[in-house]
């Protein structure tokens, strides 16, 4: 959480400075436009990083699925209770992998 | 999580006695309550889909900007890069994250249907049918876009499937209940928590695109103000110029300076820092009209920034309501699982779920109004 807040604060502080140039009527037109282009690029990068988080989350789960499928195959000959036991173990590992 | 020892005991329990006890308990469960619960669940699902679709629209805007940027940079930079077949293959088969989340909702709905059928005391065939539908939904889950929810639920569904075979042969409601209760915590940890995690990123993506709108408005103000100042200082500081500067400062200084991105000083145009000429170069109806054009452009851009600010607040409220909705859904599913386990008529909190869904839809309407 602290990392997210730091990233946001850095992004916002940089954006504020660029917006100040864009809104400064004593700057040249080229300077204002350049500052806005940089601000938009900065915001796009920030948006991309969070869209990547969503993608990364999906990818992470996909990898874990492969692991769990392996567990199921391994236990396919066992009874339901054995499967339940293994699933509980697997989910513990999942929590470590996903939330750890 | 399912207790292995208690399950073992249940399996050994005489089926006839369990059946009689459960049928007696089920007879007390009010059917109407679950009817309204199902409606609440359907509303919650639709409300969630609206949020996910809205993110999809935001993502399309990002993708369009990325594509435009690539078109400019790739041609010049590509020449110096190695040929990367892995990257080409990866980009030719994109993961549909939106479809994966929709599918996740289908899974929850199937689970909900199966559990509700059990709590309502439906016969074995109907319970089995509902649960098989859950399994089938999971099987159809796009393999390329599995989420943590899917990862967590898939193995538990293996248990459901195994037990269903026995349920069909010899109806043991208690074991079906146990199987679905086994899935219950995984629904929470996988699907519900995953969707709650998503909201953080939804908001930040929104924030970035919203900031682009603000930056665009700031540039419009800067350009119009530069033109205004150039024209206004070509003559004396007369009352007409003073009035127009006040309009600009009122629009920009008072309103926007309080926004998150503070691009302007207060006052925005400080007449004491400007150098006016002593001629009448800025006077006359034509000059006044031209100055007005710049003032109007500044006021319009300021309003655009205010609207972006308002949309940001609306979106924050919307996601807040959505998180509450997901929390209520989680509680409803837990209560439902508990009701299935105990055979009591514990309420699945359908009204609370319904209110949460309505609040999300209402917040979505307010957000859409300002966002467009």
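Summary table below
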| item | result |
| --- | --- |
| Proxy reagent accessibility, fewest Cβ within 10 Å first, across B:322, A:11 | A:11, B:322 |
| Residue mean of other protein chain beta carbons inside 10 Å, B:202-211 | 6 |
| Per-residue Cβ neighbour rank within 10 angstrom, fewest leading, B:108, B:218 | B:108, B:218 |
| Residues B:279, A:43 arranged by fewest to most Cβ contacts within 10 Å | B:279, A:43 |
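Bear in mind that the values in this text are calculations on the coordinates, not laboratory data. Because the structure is predicted, anything quoted here is derived from the model rather than measured. Backbone-built Cβ (ideal geometry, glycine too); neighbour counts: all protein chains shown.
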